[in-house]
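The values are calculated or read from the model by the stated rules, or taken from the named source; none is laboratory data. For clarity, every value in this text was computed on a predicted model and none was experimentally measured. Cβ placement follows ideal geometry from the backbone for every residue including glycine, while neighbour counts extend to all protein chains displayed. In case anyone asks, the SASA skips ligands and DNA or RNA and just uses the protein heavy atoms, side chains included. Shrake-Rupley method; radii C 1.70, N 1.55, O 1.52, S 1.80 Å.
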Amino acid sequence: KLSGQEISVLGFVDSNSVRLLLPAQDHKRLKDGDEGLNTGGMGAYCPCPLISQQELEIVKTQVMQRAVDGLRKEGIEYNGILYAGMMLTKDGPKTLEYNCRFGDPETQVILPLLEDDLFDIMMACCTNHLCNVPELKFKSNLHAVGVVMASKGYPETSTKGCVITDIEQVTKVQNQMVFHSGTAKNAKGDWITNGGRVLITVALAKDLKKAAEMATNACDIIKFDGAQYRRDI
């Protein structure tokens, strides 16, 4: 395990309780080997093995729960997702940032591994009954990897209107899915690019490397002009 690695820990929170989701790691740089410009995220994998259960418990009690308690003491009612960007250091996990939202592309690799009913968790969260929800359950012995396909010119600009083909060739395969980010449909009903990060291919497998291979191969199948994606997520 290397000090200085950044990971993402998301959790459902209400006015009293926290329920952690699995940790994930995002890849921000545009090109393989963490080269190129910084982006909103070119891919992610989950669960992230770089953080131990003991360290996750520290994040839950000393970061997430303290934030919830602090908000309550200040009279701020917040029900939803807390997203903690954590840096792993020799002195333990340190908080880099907080977001009050799901994170993209982390969410696309975290939620497919969730076994519990997402609606039930959200309802408990919204009604301050999260304390009645047991610790979240996830699919055992499965890894999820997502690879983002970005449009030509991203992240400095984006290319719109390019026809996207063969998405269904990916989604018809078991344990593979495609989430749309920057897409639209033209007059003919074709999917077209409509933003910087266009879509993300996600694959689930028992082996992390296999999941990564499947997600990357899915990007090879889907076609649109100027597509950019990393091959080392």
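Descriptive notes on the structure:
- Single match in VAL145, VAL170 (criterion: crowded, with 21+ Cβ neighbours inside 10 Å and part of a strand (DSSP E or B)): VAL145
Here is a yes/no grid of residues against (1) at pLDDT 95 or above; (2) touching a helix residue (DSSP H, G or I) at 6+ places or on another chain (Cβ under 7 Å); (3) open to solvent by 30 Å² or more (accessible area, probe 1.4 Å); (4) among the hydrophobic types (A, V, I, L, M, F, W, C):
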residue: ARG29; (1), (2), (3), (4): yes, no, yes, no
residue: GLY43; (1), (2), (3), (4): yes, no, no, no
residue: GLN65; (1), (2), (3), (4): yes, no, yes, no
residue: VAL68; (1), (2), (3), (4): yes, no, no, yes
residue: ASN79; (1), (2), (3), (4): yes, yes, yes, no
residue: LYS90; (1), (2), (3), (4): no, no, yes, no
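- Out of LEU20, LEU37, LEU2, sole residue that is surrounded by fewer than 21 Cβ atoms within 10 Å (Cβ to Cβ), modelled with pLDDT under 95 and hydrophobic (A, V, I, L, M, F, W, C): LEU2
- Restricting the range 128-142 to residues that are open to solvent by 60 Å² or more (accessible area, probe 1.4 Å) and touching a residue at least 24 places away in the same chain (Cβ under 8 Å), the residue that is nearest to ASN79 (Cα to Cα): HIS129
- Being touching a residue at least 12 places away in the same chain (Cβ under 8 Å), within 13 Å of VAL18 (Cα to Cα) and surrounded by 12 or more Cβ atoms within 10 Å (Cβ to Cβ) is a condition met by at least one residue of the range 102-121.
- The listed residue being over 17 Å from VAL170 (Cα atoms), surrounded by fewer than 23 Cβ atoms within 10 Å (Cβ to Cβ) and not aromatic (Phe, Trp, Tyr), out of ASN217, ASN194: ASN194
- Single match in ARG19, ARG66 (criterion: out of contact with any Ser or Thr (no Cβ under 8 Å at 6 or more places or on another chain), more than 15 Å from GLY103 (Cβ to Cβ) and assigned to a strand (DSSP E or B)): ARG19
- MET177 touching a Leu at 6+ places or on another chain (Cβ under 9 Å), in a strand (DSSP E or B), among the hydrophobic types (A, V, I, L, M, F, W, C) and closer than 27 Å to GLY11 by Cβ: yes
- Among (1) more than 27 Å from SER151 (Cα to Cα); (2) surrounded by 15 or more Cβ atoms within 10 Å (Cβ to Cβ); (3) in contact with a Ser or Thr (Cβ under 6 Å, 6 or more places away or on another chain); (4) not hydroxyl-bearing (Ser, Thr, Tyr) - the single one LYS60 does not satisfy: (3)
- GLU135 fulfils the conditions (1) farther than 27 Å from GLY4 by Cβ; (2) at pLDDT 95 or above; (3) among the acidic types (Asp, Glu) except for a single criterion, (2).
- Residue check, THR201 out of contact with any Pro (no Cβ under 7 Å at 6 or more places or on another chain), of a type in the set (Val, Ile, Thr), without any contact (Cβ under 8 Å) to a residue 40 or more places away in the chain and not in a helix (DSSP H, G or I): no
- ALA84 falls short of the stated requirement of being open to solvent by 20 Å² or more (accessible area, probe 1.4 Å) and within 14 Å of VAL9 (Cα to Cα).
- Some residue of the range 46-53 being open to solvent by 40 Å² or more (accessible area, probe 1.4 Å), assigned to a helix (DSSP H, G or I) and closer than 19 Å to GLY4 by Cα: yes
- Failed condition for SER8, given (1) more than 22 Å from ARG101 (Cβ to Cβ); (2) touching a helix residue (DSSP H, G or I) at 6+ places or on another chain (Cβ under 7 Å); (3) among the polar types (S, T, N, Q): (1)
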